[in-house]
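Worksheet for the structure shown next.
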Amino acid sequence: MEQKIFYIKTFGCQMNERDSEIMAQTLSGHGYIESMNYQEADLVILNTCSIRAKAEQKVLSLLGYLRKAKKNRPSMKICVAGCVAQQEGSRLIERMPHVDLVIGTQQIYHLEKHLQRVALEGSLVVTDLRDDYEIPQFLPEINQLGRAFETHLPCPSPRPWRKFVTIMQGCNNYCTYCVVPYTRGREISRIVNDIIEEVKAFVKEGVQEITLLGQNVNSYGKTNAVAETGASYTFTDLLKEVSQVEGVARLRFTTSNPKDLTDELMRSFRDVKNLCPQFHLPVQSGSDRILKRMNRKYTTSEYLEKIEKLHDYCPELALTTDIIVGFPGEEDRDFEETMNLLEKVRFHGSFSFKYSDRSGTVASTFAEKVDEEVKVARLSRFQSRQDEISLERNREYIGTVKEVMIEERGLDGLRGRTDTNHIVHLNNCTAGHAAGTIIAVKIIHAGQHSLQGEVYNLH
Ligand code: SF4
């Protein structure tokens, strides 16, 4: 049987990255091989993101390109997965009749079944989003960790020393600007044993760093029973259990909504030894008036209180956040409060964006839209001040010795990552330093987005 070739393009968050790995593994298990060149693929999958208008535009323009590619290769099948697929459904095939399959965010595990139906029945849209959905168990297989190395393509496996493990899907928070509750559905948590089994399977294959993934991991185990006993089981319980899996050198998690951040979870940064001192805690705005309009359900003083506690439990904690500027109704005074919050917390880094209407969200119906040039000005002011602070925070590491996990050889030499999630470019590294090994490094220089270090001999 002629071997089929697939190509996956992933947009958006780490959840999408993990979903793409699962689809790639499914296809490889059915005799497909992967290509990094969509023009030679029999099956092209776009795993999409709709968190901002720009993300959706990127997908639509790539689909335009694929129309031409399909003209040259009529047997090519095009599948759109992820949040744009969930949001648009059959509208996508109406707009792009060259698309063969549209699968929603709960359908990735059934990709092969849907492809068989396309082969028999023609184009297909499957976007059921069920509240009683159970996330199937899906164990990694060794050769899938090095996805590309079986093909004739140059670059071997992406990052087999650290892996994402999805622990839940969906969100019940309905922040007024966010599409996630509509594209990923209600919160559904995976069974504890399934997660532990997946972590063990990854560790057995040499993975040392595990990142637990969910849209709001703090709510893990709240909406459905996850423990065999049926007893209540929290995210902190899961963190402790995963941290005890032998071989997990580093543990991380993302993403958390500050309103669900408990004292118990904050203490984990002190008590769970292999939990990395790095925390991404999206605040979105420094103005209580805007936080209310966003339906974030906390105030800046409550947020700051939690930051203070976190630093009491873990003084070396590196904090990052998300910020939206130009939310409908945001006035200069609101934005000044966001700038004040940045000065108070001095985040190590942040992802900041201009607000954009997302269809179906409450905020898209709000009046008082902020002019584009005002948004641009606020974003640029926020980002340049953040860059200054990131540089100042990075300089605090100069002269310290940090544990660095070796990652890969870049154009500028070997690089790694600290437990605080800082990238470190390494000077005097030898070939002996394999990816995944953890070494002591003395930080000798700091830039805005990375550090520079040299191997430090502890003896
Ligand atoms: S908590 Fe996060 S994922 Fe959930 S609705 Fe709010 S912004 Fe979206």
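The values are calculated or read from the model by the stated rules, or taken from the named source; none is laboratory data. Being a predicted model, the structure only gives us computed values, none of them experimental. Counting neighbours? That spans all protein chains shown, and the Cβs are built from the backbone with ideal geometry, glycine included. Heavy atoms of the whole protein, side chains included, go into the accessibility calculation; ligands, DNA and RNA do not. Shrake-Rupley method; radii C 1.70, N 1.55, O 1.52, S 1.80 Å.
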Can you report the number of residues in the range 300-315 which are of a type outside the set (A, V, I, L, M, F, W, C) and either within 16 Å of the ligand (Cβ to nearest atom) or in contact with a Phe, Trp or Tyr (Cβ under 6 Å, 6 or more places away or on another chain) (or both)?
4
Among the residues of the range 383-406, write down those that are assigned to a strand (DSSP E or B) and either surrounded by fewer than 19 Cβ atoms within 10 Å (Cβ to Cβ) or among the polar types (S, T, N, Q) (or both).
V401, E403
Given the conditions (1) among the basic types (K, R); (2) within 16 Å of the ligand (Cβ to nearest atom); (3) at positive phi; (4) open to solvent by less than 70 Å² (accessible area, probe 1.4 Å), every one holds for R358 apart from (3)
Residue pairs qualifying under the 6 Å Cβ cut-off, at least six apart or on distinct chains, with the first in the range 192-208 being assigned by TED's automatic domain parsing to the domain that holds G230 and the second being open to solvent by less than 20 Å² (accessible area, probe 1.4 Å) and in a helix (DSSP H, G or I), are V199/V242; E205/L145
In the range 171-210, residues that are more than 13 Å from the ligand (Cβ to nearest atom) and either of a type outside the set (S, T, Y) or out of contact with any strand residue (DSSP E or B) (no Cβ under 8 Å at 6 or more places or on another chain) (or both) total 22
Residue in the range 191-207 that is nearest to K240 (Cα to Cα), counting only those that are open to solvent by 10 Å² or more (accessible area, probe 1.4 Å) and outside any helix (DSSP H, G or I)
I191
Breaking point among (1) buried (at least 21 other Cβ atoms within 10 Å of the Cβ); (2) within 15 Å of the ligand (Cβ to nearest atom); (3) in contact (Cβ under 8 Å) with a residue 40 or more places away in the chain, for K297:
(1)
Report yes if R417 is outside the structural domain of V203 (by TED's automatic domain parsing), open to solvent by 70 Å² or more (accessible area, probe 1.4 Å), out of contact with any Cys (no Cβ under 6 Å at 6 or more places or on another chain) and assigned to a strand (DSSP E or B), otherwise no.
no
